[in-house]
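Student: I have a structure here, written as structure tokens, and I will follow up with some questions on it.
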Amino acid sequence: MSAVNPGVYKSVIRVRQAYPFDIAGLFMRFYSSMMSIGTVSMLSLTGYSFMTSGIVASVIAFSIFLISPRISKLIDEHGQSKVIWKAAIIVVIGLVIMLSNVALKGPEWVFFPAALLMGCIPNAQAIVRARWTYMIRTGLIKGDVPEIRTVFSFEGVLDDLAFMVSPPFAILMASTIAPIAGLLAGGIAFIVGVVMMCAAKGSEPTVGWGSGDEEASDASVSQGHIKRKSIIRTSSVVRILFVLMFLTGAFYGIFDTSSVAFAEKLGNPNIAGIGLVISALLSAVMGFVFGMIRINASMYKQVLVSAVLIGTAYGLQILIDTELAFYVISAFAALFYAPFLIINNSAVERAVPGAQLTEAITWVSSGMTCGVALGPTMAGFIVDLFGAEAGFDAGGLTALLIPIVTICCYKIIKRNIRDGSYEVVMTSSDEDRG
């Protein structure tokens, strides 16, 4: 059973302590959402080949996948304000090298080390969600306390907002002002966000918060930080959710690329753009509405149901063969995208201790990043050989793997994702919780 409460977001908006870090997180997300398409637009408009542009963008994505979770682990161990600005300096150095090389029309090889440095970006989504969870679970919010899932729905809308606005902004700036203008503006926004985030110390999670006495005694504690094994090594649930998000990113990357190829085949490139914009808007609206719904089902059941829904919905893309079918199926499937992401993030919050929440959320989102990086490459190969419809077939089959993996791992998910109070999740190993 479930109930709808349209006024549920009032409790989120009333938390004024969240304004500084939420605005800071939006600035940081604005830049991270434009890095890929902004890099491709900048390099291609400067005269570099699309292949070079795509490879550099892929290097950024894989750098984020490999490095960002390590940065989040350091954040959990040392504190946000001590780590974020140091990682930001590395990112800015990479951006400066990238923009300078473009302005000077330098050699292509310079872009690759710059891309590696740009991928050291702190995960704004995880940082913000960790702050919200810390404030709610430790009683820092007085009065009407919002639910975690409502907060994550609200943050999901902000994620979608940044995702929808920043890429076209980067393209517009690059094409109308100068090739480097888009990424330069994004870099400035990122710096502003980092400064604001580090200054908002009142909501910053305390190092080691949410850890049980047993875990704290086993951990090596020195000079104000706690060192642990990576959560990806100790939590099977995080590994499962990582795989689910990887598959989500992969089928979405395949779907986007196949949509462009399908539109070109029909002789109307606008079809892809219109369809993807409609899907993004529906996803954002559905994420907002989903936050108003109070679902009484256990979290592990929500993970299963949402996985089945998104997998079967996007699995329908194998039926796309006309313009109408493309619009209908893409719009219908988009209704289940945001709820799936929100439930996955909520499941992470219920499966790991607060002291490792930033790293856990980052690993899950990195799965999406990795999938998005690989998806277009897979789709390009398939579309070149077999056509756009074959790309949709590959995307549909990839989407159907999501419910299959979830069903196969359901016992692990059920055992390790707890319902009820967050405080029951006190250790980071599945063996301790099993």
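Student: Between 270, 344, 123, where does the largest GNM mean-square fluctuation fall for the chain, given springs only between Cα atoms within less than 10 Å?
Tutor: The residue with the greatest mean-square fluctuation here is 270.
Student: Can you find, among 340, 198, 66, the residue sitting farthest towards the positive end of the charge dipole of the chain, where Lys and Arg contribute +1 and Asp and Glu -1 at Cβ?
Tutor: Final value for the positive-end residue is 198.
Student: Within the chain, what whole-number % of the accessible surface is contributed by carbon and sulfur, with the 1.4 Å probe and all protein chains included in the calculation?
Tutor: 70
Student: I've got another one for you. Pick out which of 16, 29, 129 has the largest mean-square fluctuation in a Gaussian network model of the chain, springs linking Cα atoms closer than 10 Å.
Tutor: Comparing 16, 29, 129 in a Gaussian network model of the chain, the most mobile one is 16.
Student: Ratio of alpha-carbon Rg to the 2.2 N^0.38 Å globular estimate for segment 45-187, to two decimals, please.
Tutor: Normalised by 2.2 N^0.38 Å, the Cα Rg of segment 45-187 equals 1.24.
Student: Separate question: Where Lys and Arg each count +1 and Asp and Glu each count -1, what net charge lies around residue 25 among other residues with Cβ under 11 Å from its Cβ?
Tutor: Net local charge, residue 25 excluded: 0.
Student: Moving on to the next point. Looking at the chain as a GNM with Cα springs under 10 Å, which of 267, 354, 186 has the largest mean-square fluctuation?
Tutor: 267
Student: Compute the length gained on full extension between residue 377 and residue 266: take 0.36 nm times their separation in residues and subtract their Cα-Cα distance, giving the result in nm to one decimal.
Tutor: Contour length minus the Cα-Cα distance gives 37.8 nm.
Student: Throw me the Rg/Rh for segment 263-366, computed over C-alpha atoms with Kirkwood Rh, two decimals. Don't jump to the answer; show the numbers that get you there.
Tutor: On the way: Rg = 16.4 Å, Rh = 15.4 Å.
The Rg/Rh ratio comes out at 1.07.
Student: Now, a different point. Solvent-accessible area of residue 327, probe 1.4 Å, all protein chains present, reported in Å² to the nearest ten, please.
Tutor: The accessible area of residue 327 comes to roughly 60 Å².
Student: Hey, another quick one. How long is the gain from residue 404 to residue 46 if the chain were fully straight, where each residue apart is worth 0.36 nm and the alpha carbon distance is subtracted?
Tutor: 124.4 nm
Student: Over the chain, with a single point scatterer placed on each C-alpha, what log10 of the ratio I(q)/I(0) does the Debye formula yield at q = 0.10, 0.11, 0.12 1/Å?
Tutor: -0.68, -0.84, -1.00
Student: Probe of 1.4 angstrom, ligands and nucleic acids ignored: what's the accessible area per residue over the chain, in square angstrom?
Tutor: Roughly 41 Å² per residue, with all protein chains present.
Student: Tell me, what HN-Hα J-couplings in whole Hz come from the Karplus equation 6.51 cos²θ - 1.76 cosθ + 1.60 at θ = phi - 60° for each residue of segment 165-176, using x for Gly and Pro?
Tutor: Rounded to whole hertz, the list is 8, 5, x, x, 4, 4, 5, 4, 5, 5, 8, 9.
Student: Give me the lysines in straight-line cross-link reach of residue 142: C-alpha distance below 26 Å, same-chain residues under 8 apart excluded.
Tutor: 10, 201
Student: Report Rg(Cα)/(2.2 N^0.38 Å) for segment 107-164, keeping two decimals.
Tutor: Expressed relative to 2.2 N^0.38 Å, the Cα Rg reads 1.67.
Student: Give 73/229; 73/414; 301/414 a once-over and call out the pairs whose C-alpha atoms are over 19 Å from each other.
Tutor: 73/414
Student: Taking the Cβ of residue 368 as the center, what net charge do the other residues with Cβ under 14 Å away carry, scoring Lys and Arg +1 and Asp and Glu -1?
Tutor: Result for the local shell: -2.
The values are calculated or read from the model by the stated rules, or taken from the named source; none is laboratory data. Since we're looking at a predicted model, the values are computed, not measured. Please note: Cβ atoms are built from the backbone with ideal geometry, for glycine as well, and neighbour counts cover all protein chains shown. Ligands, DNA and RNA are stripped out before the accessible areas are found, and what is left, the full protein with its side chains, is counted by its heavy atoms. Shrake-Rupley method; radii C 1.70, N 1.55, O 1.52, S 1.80 Å.
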